[in-house]
1. Name the residue, out of Val266, Val272, that is in contact (Cβ under 8 Å) with a residue 60 or more places away in the chain, in a helix (DSSP H, G or I) and in the same structural domain as Phe197 (by TED's automatic domain parsing).
2. For Ile293, indicate whether it is within 29 Å of the chain's Cα centre (by Cα), within 24 Å of Lys122 (Cα to Cα), assigned to a helix (DSSP H, G or I) and hydrophobic (A, V, I, L, M, F, W, C).
3. Name every residue in segment 150-166 that is more than 16 Å from the ligand (Cβ to nearest atom) and either under 15 Å from Arg193 (Cα atoms) or buried (at least 16 other Cβ atoms within 10 Å of the Cβ) (or both), in order of residue number.
4. Might you let me know whether segment 251-263 holds any residue that is without any contact (Cβ under 8 Å) to a residue 60 or more places away in the chain, buried (at least 22 other Cβ atoms within 10 Å of the Cβ), of a type outside the set (A, V, I, L, M, F, W, C) and over 23 Å from Gln145 (Cα atoms)?
5. Report, by residue number, each residue of segment 116-135 that is in a loop (DSSP other than H, G, I, E, B) and either free of Cβ contacts under 8 Å to residues at least 40 places away in the same chain or outside the structural domain of Thr105 (by TED's automatic domain parsing) (or both).
6. Within segment 205-220, identify whether any single residue is within 16 Å of the ligand (Cβ to nearest atom), over 19 Å from Pro292 (Cβ atoms), among the polar types (S, T, N, Q) and more than 10 Å from the chain's Cα centre (by Cα), and answer yes or no.
Amino acid sequence: MEERSYDRRKRVRLLKRIILGTIAAAIIIPTGVSIVLGIRVISLQNRITILEEALAVYENQPEDLTGVYTTASIEESPRDTLQAGEVTQETRQEQDQTKKQIYLTFDDGPSQNTDEILDILKEYDVKATFFVVGKTDEQSLRAYQRIVGEGHTLAMHSYSHKYDEIYASKESFIEDLSMLQEYLYQVTGVWSRFYRFPGGSSNTVSEVDMRELTAYLNESGIAYYDWNIACGDAVSGKISVDTLVENSVGNLDNINRGFILMHDAVEKKTTVEALPEIIQKIQERGDAVFLPITDETTPVQHMMAK
Ligand SMILES: [Zn+2]
């Protein structure tokens, strides 16, 4: 009798455990599944936001600029569309080999000065090259589009312009470069293939051997350009208009192809003030022609690829 009662208690206890176990499982399993699904929903929402933002860039192209340039659709491959510095018939005719070829190049823009620089170039009917950085404000977006729309060459000068990030490793250099190349393509429809290293290809700040980076650009079909004339506005502080003009045009007798380094930056106001005189002095020579950088422009390089 006692033994039977003991067995029964044992069975009841077992049954209790089974019931409690089942209840626990019924709570824990759905909770776990809910958490996993919840995380998945959040990650999908993030992806949707990123895609919506990308789409908005295409949809928000300013109306008054359409028609000035070709805006590529999302489906088109970058390489099939308008190329930076595409050589027009007009440009070809201008490439008179008997004349000095002068390339005005503006680094670090867009800036508050870009519009004024573009106005001056328009007034003198001169095409130039803008080595730009990545900026996302409305004024900069219009500046990129105006550069392209008015026939200048949109070239790259790194997205961040932060030496310690760009030159930290080959990977970080590539990441910064692709970011700018893709960004400019989104904003203008131009797949830029021209680059100027921050600090030039012979800079001594890079953690990476510059020959590795120049080799990478060569492999990627991107031409990099340094300069052989510096207008002198790279140094901090205000440089006088006279000095900038003299630096830009003073040595032209000895140069057949001049790549003039200038800066499109808010604090470089005298560069804008000197620009009309620099252009006039070069045009007055009668033996020189201004050209934008194109695929046909042989680069001037401080450091060659290995
Ligand atoms: Zn720069």
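1. Val272
2. No; evaluated as a whole, the condition is false for this residue.
3. Keep residues of segment 150-166 that are more than 16 Å from the ligand (Cβ to nearest atom), which gives 150-153.
Across segment 150-166, the qualifying residues are Gly151, His152, Thr153.
4. There is no residue in segment 251-263 that is without any contact (Cβ under 8 Å) to a residue 60 or more places away in the chain, buried (at least 22 other Cβ atoms within 10 Å of the Cβ), of a type outside the set (A, V, I, L, M, F, W, C) and over 23 Å from Gln145 (Cα atoms).
5. Correct list: Asp125, Lys135.
6. yes
Here's the yes/no breakdown for (1) within 16 Å of the ligand (Cβ to nearest atom); (2) of a type in the set (D, E, K, R):
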| site | (1), (2) |
| --- | --- |
| Ala230 | yes, no |
| Ser240 | no, no |
| Glu246 | no, yes |
| Leu261 | yes, no |
| Ala274 | no, no |
| Glu284 | no, yes |
| Asp287 | no, yes |
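The values are calculated or read from the model by the stated rules, or taken from the named source; none is laboratory data. Nothing here was measured: the structure is a model prediction, and the numbers come from that model. For neighbour counting, all protein chains shown are included, and Cβ atoms are generated from backbone atoms with ideal geometry for every residue, glycine included.
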